[in-house]
Amino acid sequence: MQDTLRPDPHAQIKDEVRKLCAKFPGEYWRRLDRERGYPTEFVTALTEAGYLGALIPEEYGGAGLPLSAAAAILETVQSEGCSGAACHAQMYIMGTILRHGTDAQKTAYLPKIATGELRLQAFGVTEPTSGTDTTSLRTFARKEGDHYVVNGQKVWTSRAEHSDLMLLLARTTPRDQIERRTEGLSTFIVDMREVLGKGLTIRPIRTMMNHNTTEIFFDNMVVPAENLVGVEGRGFRYILDGMNAERLLIAAECIGDAKWFLKKATDYARDRQVFGRPIGQNQGIQFPLARAYAQMRAAELMVQAGCAKFEAGETPGEEANMAKMLGADAAWAAAEACIQTFGGFGFAEEYDVERKFRETRLYQVAPISTNLILSYLAEHVLGLPRSY
Ligand SMILES: Cc1cc2nc3c(=O)[nH]c(=O)nc-3n(C[C@H](O)[C@H](O)[C@H](O)COP(=O)(O)OP(=O)(O)OC[C@H]3O[C@@H](n4cnc5c(N)ncnc54)[C@H](O)[C@@H]3O)c2cc1C
C-alpha cells in the first residue's frame, strides 16, 4: 500500500516520526491501556523532537510549520500504532492564544509550550447539561476587580491531570442579558498549578479506552483578569475559529488509524491459511478491506483540500467537516474489517487490534459527532433550514 496517492511534501517528516514511534511498540501502549496510564515518555519524545510545537511560529520558539505538516505528524503517530490523543490538543488549542492573545500572553506562554516547559493539553468546553449545545453552557466567570471568580463544572476535560494550563470557555454575561446566543462567553487561560485544590477539583473518568479524561469542578476558582484571551464576550467565536484546524487534524489521525488497520489486516489475510489457502483470497475478506481503503483515500484527499485552503488563508469549514466525517467513517470501516479479518485473534490483547478498535470508535462522537457534521453540511452548504 502506497503511503499517499499524490506526491507528499511531508514524506521526510513522516519518516522521522516513524523512527520516533518505533521506540514505542505495542507492548508500551498495551501496558498503559491496562493501567489507564499516561504516555509521558512518548509525549516527552514528541515534544523534544519539536513536533508538538509544529504550528507555533518560529518567533515564539516553534517550528512554524503549515497545518498540513501537523496533519502529517499526527497521521503518522496513528499509522504507526501510537496514540496522538494523549497530546494532540496542544497543537490546536494554542491557536486561540496565537490568534487572539495579547503580546504578553503570547510571549509568556508560547515559547514554554514549544519547549514542553508548560503543557497546554486541557480544553474545557463540554459541560454535562449543555453537551453539544455549547452556547448554553453554565460555568460562570464573574469579574471582581483584577480577577474573575469561576463557578461551575466541565465534563470530558481530557488530559487535565497531565497539563499545566487549560483553555477554558465560560459564561461572563448571563444568558438572559445577551442578544445572540453566541455572545457572552469568554475564553481564559487557567494555570491549573495555581488553583488545583484551591477552587479546582479534577476527577478522572474511566472510559472504554485509555483517554485520560476527567470531570472538573470550579468552586470560586480565581483567574487573574490578565488571563482573559481577547475581548470579553467573544470567546465562542475564538473557539469556533480553531475548529477547522482541529477537525482537519483529527481527520488526519483517523486516516492514520485506517492505514494501521489496513496494513495489519492485509498482512494477516495474506498469511493466515484456512481451508488450505490464505483467507485473503476470499472476496468476503477482500471487499470490506478494499471498501475501507477507498474511503480512507477519499478522506485523505479531503484533508489535503482543507489544509490547502487553510494555508491559503481561506476558511475551510466545508472541507474540514467533511474530512472529519469521512476520516472517522474510514477508520471505523477499517477497524471493523480488520477485527473481522483476524477472527477470534482480533479479540486477543496481544495483536493490538481490539485496543485500536476501541480507541478509533471515539471519533464518531468527539470532538464533534457525525450528526452535527451532517447538520452543518445540510444547513451551511446545502442551504436547508436550521434544524436546532
Ligand atoms: C473520551 C472523550 C474525550 C473528550 N474530550 C473532550 C475535551 O478534552 N474537551 C471538551 O470540551 N470536550 C471533550 N469531549 C466531549 C465531546 O466533545 C462531546 O462528548 C461531544 O461533543 C458530544 O457531546 P455530548 O457527549 O454531551 O452528547 P450530546 O450533546 O448529549 O449528544 C448525544 C447524541 O445526540 C446527538 N445529537 C444532539 N443534538 C442533536 C441534533 N440537534 N441533531 C442530531 N443529533 C443530535 C449527538 O450527535 C450525539 O450522538 C470528549 C468526549 C469524550 C467521550
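What follows is calculated from the coordinates using simple rules that are stated; it is not laboratory data. Note that the structure is a prediction, hence the values are computed from the model and not measured. Counting neighbours? That spans all protein chains shown, and the Cβs are built from the backbone with ideal geometry, glycine included.
Computed quantities for the displayed model
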item	result
Exposure proxy ranking, count of Cβ atoms within 10 Å, fewest first, for T102, T76	T102, T76
Of F275, F123, F42, the one that fluctuates the most in a GNM where the chain has Cα springs shorter than 10 Å	F275
Dipole magnitude of the stretch 239-381 about its Cα centre (Cβ charges: Lys, Arg +1; Asp, Glu -1), debye to nearest 20	620 debye
Dipole magnitude (debye, nearest 20) for the chain, charges at Cβ of Lys, Arg, Asp, Glu	820 debye
Label point distance in nm, E58-A366, each placed 7 Å from Cα along Cα→Cβ	3.7 nm
Between helix 283-311 and the chain: long-axis angle, C-alpha atoms, 0 to 90°, nearest 10	40 degrees
Counted charge near G197, where neighbours are those whose Cβ lies closer than 14 Å (Asp, Glu -1; Lys, Arg +1)	-1
Gain on full stretching of the segment that runs from D8 to R34 - 0.36 nm per residue minus C-alpha separation	5.7 nm
In nm, spacing of pseudo-spin labels at E314 and F275 (7 Å Cα→C-beta vector)	5.0 nm
Spin-label pair A378/T107, simplified geometry with 7 Å Cα→Cβ offset, distance in nm	5.0 nm
For G230, distant residues with modelled amide H under 5 Å away	T102
Rounded to 10°, Cα long-axis angle of helix 11-21 versus longest principal axis of the chain	90 degrees
Shape of the stretch 125-252, Cα gyration tensor, a/c cut at 1.5	oblate
Top of L110, L372, L167 by mean-square fluctuation, Gaussian network on the chain, Cα under 10 Å	L372
Partner aspartates and glutamates for K14 [C-alpha distance under 17 Å; skip if fewer than 8 residues away on the same chain]	D3, E48, E75, E80, E253, D257, E300
Folded to 0 to 90 degrees: helix 26-35 orientation relative to the chain principal axis, Cα	50 degrees
Residues of type lysines that K309 reaches as a straight line, Cα spacing below 17 Å, ignoring anything fewer than 8 places off in the same chain	K324
Model label zone, A49; criterion: amide N under 20 Å from point 7 Å along Cα-to-beta-carbon; scope the stretch 237-255	249-255
Given charges at beta-carbon only (K, R positive; D, E negative), |dipole| of the stretch 1-108 in Debye	260 debye
Long pairs among K112/K143; K112/K198; K23/K154; K112/K264, criterion Cα-Cα beyond 31 Å	K23/K154; K112/K264
Inter-centroid distance (Cα atoms) of the stretch 78-145 relative to the stretch 209-288, Å	17 Å
Using a Förster distance of 51 Å, the FRET efficiency for R358-D146 (Cβ separation, nearest 0.05)	0.65
Choice from P288, P204, P174 showing the highest fluctuation, given a GNM over the chain with Cα pairs closer than 10 Å	P174
Intensity falloff of the chain expressed as log10 I(q)/I(0), Debye formula with alpha-carbon point scatterers, at q = 0.11, 0.13, 0.14 Å⁻¹	-0.79, -1.09, -1.25
Sorted by Cβ density within 10 Å, fewest first, the residues V195, V222	V222, V195
Extreme residue, positive dipole direction of the chain, given options S163, P367, I178 (C-beta unit charges)	P367
